[in-house]
Amino acid sequence: MTWKHGVLSAFVLVAVWQLLVIITGVPSFILPPPLKVAKAMWFYHALIAENAWVTTQEVLLGMVIGSALGILTALHLATSKSARAILRPILVFSQAVPVFALAPILVLWFGYGIWSKIVMAVLIIYFPVTSAFFDGLMKTPAGYLDLAKTMSASGTRTLWHIRFKSALPSLGSGLRLAAVYAPIGAVIGEWVGASKGLGYLMLLANGRVKTDLMFAALIVLAILTVCLHLVVDILARKLAKDH
Amino acid sequence: MTASLGIKLEGRAAIDSITLFALISLDIHPNQWTCLLGPSGVGKSTVLRLIADLKTYVDFDGTITTSDGQPLTDRVAYMAQSDLLFPWLSVAENVNIGARLRGEKTDEKRVLDMISRVGLSDHDTKKPAALSGGQRQRVALARTLMEDRPIILLDEPFSALDAKTRAEMQELTFALLKERTVLLVTHDPAEAARLAHNGYIMQPQGLIPMEMPETPPVRPFDDPLTLACQTALFRVLRKGGA
């Protein structure tokens, strides 16, 4: 997808939105027209920016911590049979618990600040990153490992020079998923209990029937997510380069 | 390198009590090329993997001994049908991968020397994707030479190449590995007739030692002795398969 396609898609979306408003005649506190949302975005830009910055920090820190934990867990699982035997069932079982249901508990434990949202983002991306990278580590072509063995390679060096590097495209896939999930985690955390952030702003606007502001915050959140996805996509392509 | 080193493998192999190959006695002569020829699935690669101490899925009942009585550990280099080049490394880094995997210091001069010996001097910074199949197999050969091991195990390394490149690679590989003890696994009688000092045909019932031409390898492909040997090998292969 080029940027031209992106602009075209956005244009089509706005046109359909405007048409929907005209055809249905729905009141603007239910579905505000695009122009009204644009005006709200301009009028409240300082407020939106302040809250967007908080959400961005939560998402980025969540991405970094969640990815690091996922990578370390995958490496541990790939190198230790006993870890696979003990940890893997726990990991799978943990996915049976809806992470969203944990949001109130996390707010209780980590407070109204950004840390409960970061932990939420970490929890939501940890499994996809771990799972994708672990799969990659376990799928090292057998010929590479044979070669390493005949070269009298040590286990650690085989892990770093061969298994880790040949699993980088899989890690990239996991990170792509994480880039989409992390903002969801942060915003859900903000809905449950926060005093800042785009999710909080949306709730606030909703309570005051400022639907235009709610849509403005939603659009900014979507733009943030798309930007994050684009950056991570570039990184993932770099990781998969030459594979 | 490397004193002369021969290997003797004696034994049989089975998978879940079903015989893969019956009792065989394979002599791999020092500083010569021994060719193990046979149809697919007969266990040729398994023999090679047993010698290389690589994972197999067979129960092997037998022994592998060396002419100097020392273990084979760290004395074997391996070249497979697939070049096994790491796509994220350059040619020079691929050639040097053994040292890297052992945590040894890089001898850059030697790496470049090996690359030049296989005729790829201008390609040392390229990635494998930028090379042809034949060039990639040359890099694999340089990597094998870099290991400087007395025993070289070749598992059909030329079978994926086109006829012209295959002939060139056979000649280059033989020239560069002339002084080593080589076991070449192949299913191509023409290759065995050109390259082997000693030849065996492997069948489920065991090994059939073959008489190879007295002329030294690499033999011209159109030499009457080579062609006669190739025909004889092919006859035995056909008979074994019938």
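Each reported figure results from applying straightforward, stated rules to the coordinates on display, with no laboratory input. All values reported here derive from a predicted model rather than from experimental measurement. Positions of Cβ are backbone-derived with ideal geometry, glycine not excepted, and every protein chain shown enters the neighbour counts.
Here are the numbers:
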quantity: Span-rule helices in chain A, defined as complete DSSP H runs reaching 15 Å or more along the axis (Cα) with Kyte mean at least -0.5; calculated: A:3-24, A:45-79, A:81-94, A:114-138, A:168-192, A:211-240
quantity: Overall form of segment B:126-200 per C-alpha gyration tensor (a/c, 1.5; a/b vs b/c); calculated: oblate
quantity: Size descriptor, Kirkwood hydrodynamic radius, that averages inverse alpha-carbon separations across chain B, Å; calculated: 18.5
quantity: FRET efficiency estimate (nearest 0.05) - Cβ-Cβ, B:T73 to B:R117, R0 35 angstrom; calculated: 0.85
quantity: Cα-based equivalent ellipsoid, segment A:158-207: semi-axes from gyration tensor eigenvalues, Å; calculated: 38, 9, 6
quantity: FRET efficiency for B:S159 and B:K105, using Cβ-Cβ distance with R0 set to 45 Å, rounded to 0.05; calculated: 0.80
quantity: Cβ-based exposure ranking for B:I201, A:I65, in which fewest neighbours within 10 Å come first; calculated: A:I65, B:I201
quantity: Förster radius 56 Å - calculated FRET efficiency between B:A175 and A:I234 (Cβ-Cβ, nearest 0.05); calculated: 0.75
quantity: GNM result for chain A, Cα springs below 10 Å: residue of A:W17, A:W115, A:W191 fluctuating most strongly; calculated: A:W17
quantity: Distance in nm between pseudo-label sites at A:L91 and B:E211 (7 Å out along the Cβ direction from Cα); calculated: 6.2
quantity: Charge-dipole axis of chain A as Lys and Arg at +1 and Asp and Glu at -1 on Cβ define it, positive-most pick from A:M214, A:L145, A:I188; calculated: A:L145
quantity: Neighbourhood charge, 15 Å Cβ-Cβ cut-off, centred on A:G66 and excluding it, Lys, Arg +1 and Asp, Glu -1; calculated: +1
quantity: Lys, Arg +1 and Asp, Glu -1 on Cβ, resulting dipole of chain B about Cα centre, debye, nearest 20; calculated: 260
quantity: Dipole of the protein assembly as shown, positive end: most advanced residue of A:M202, B:A232, A:G174 [Cβ charges, Cα centre]; calculated: A:M202
quantity: Computed over segment B:20-71, Kirkwood Rh from alpha-carbon pairs, angstrom; calculated: 12.5
quantity: Loop sites in segment B:118-200: trypsin sites (Lys or Arg not before Pro), DSSP, at most 16 other Cβ within 10 Å; calculated: B:K126, B:K178
quantity: Dipole magnitude (debye, nearest 20) for segment A:84-195, charges at Cβ of Lys, Arg, Asp, Glu; calculated: 380
quantity: Separation in nanometres of the label points that stand 7 Å from Cα toward Cβ, at A:V26 and A:R84; calculated: 5.1
quantity: Whole-number Å³ per residue for the convex hull built on Cα positions in the protein assembly as shown; calculated: 220
quantity: Kirkwood Rh and Cα Rg combined as Rg over Rh, evaluated for segment B:66-167; calculated: 0.98
quantity: Trypsin sites (Lys or Arg not before Pro) within segment B:32-79: DSSP coil, no more than 11 neighbouring Cβ in 10 Å; calculated: B:K55
quantity: Helical segments meeting 24 Å axial Cα length and Kyte-Doolittle 0.0 threshold in chain B (DSSP H); calculated: B:224-241
quantity: Net charge dipole size for segment B:94-181 [Lys, Arg +1 and Asp, Glu -1 on Cβ; Debye, nearest 20]; calculated: 180
quantity: Segment A:148-190-segment B:160-190 distance, computed between alpha-carbon centres (Å); calculated: 39
quantity: Rg/Rh for segment A:77-216, where both radii come from Cα atoms and Rh is the Kirkwood radius; calculated: 1.16
